[in-house]
1. Tell me, what % of the accessible area of the chain is carbon and sulfur with a 1.4 angstrom probe?
2. Can you give me the distance in nm between label points at Asp16 and Ser83, each placed 7 Å from the Cα along the Cα-to-Cβ direction?
3. What order do His8, His89 take when sorted by accessible area (1.4 Å probe), most exposed first?
4. Please get the size of the charge dipole for the chain, origin at its Cα centre, with Cβ charges of +1 on Lys and Arg and -1 on Asp and Glu, quoted in debye to the nearest 20.
5. Can you give me the relative contact order of the stretch 1-118 as a percent, contacts being Cα pairs under 8 Å and 6 or more apart?
6. Report the calculated FRET efficiency for Thr113 and Asp32 (r = Cβ-Cβ distance, R0 = 41 Å), to the nearest 0.05.
7. Among Ile64, Ile46, what's the order by accessible area (1.4 angstrom probe), most exposed first?
8. Taking the Cβ of Lys47 as the center, what net charge do the other residues with Cβ under 14 Å away carry, scoring Lys and Arg +1 and Asp and Glu -1?
Amino acid sequence: MRLLLDTHIFYWSFYDPDRLSPKAVSTIMGADAIFVSSASIWEMAIKVRLGKMTGDPRELAEHIEAAGFQELPVYARHAHLVSALPMHHGDPFDRLLIVQASSEPLHLLTANTQLQPYSDLVVCV
């Protein structure tokens, strides 16, 4: 299985691995390839700046390769697809991750059950 980690799953894998459920850990360990969106780094940088999250966005960006993950850039083909998504969920970063997962295709690993209605590619853990 090829995975795209949502922002919180990626963040927890680095800063708070005990928050990952056993299902999340086993899914990550069994993956053929693991991707992290550049949008997740952007989201974390904004949240750190606003005081909603702690950490170092540069350190998190470096963690992608160090952990053996691959960075998934945001392409124009991803960005334009966001406008076609139904409004099950309003968070722009989550919506971008949904279209990235759908268009690559990748399974989106998330703890956010609000994303499940979008696709069978969403794996809630």
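1. 55
2. 3.7
3. Numbers: His8 75, His89 30 Å².
Ranking His8, His89 by accessible area, largest first, yields His8, His89.
4. On the way: 9 positive and 14 negative charges, 56 e Å.
The calculated dipole for the chain is roughly 260 debye.
5. 35
6. Details: r = 25 Å, r/R0 = 0.60.
Using R0 = 41 Å, I get an efficiency of 0.95.
7. Values: Ile64 10, Ile46 65 Å².
Correct descending sequence by accessible area is Ile46, Ile64.
8. -3
The values are calculated or read from the model by the stated rules, or taken from the named source; none is laboratory data. Please read these numbers as outputs of a predicted model, since none were measured by experiment. Note that we place each Cβ from the backbone using ideal geometry, even for glycine, and neighbour counts take in every protein chain shown. We work out accessible area using only protein heavy atoms, side chains counted, and drop any ligands, DNA or RNA first. Shrake-Rupley method; radii C 1.70, N 1.55, O 1.52, S 1.80 Å.
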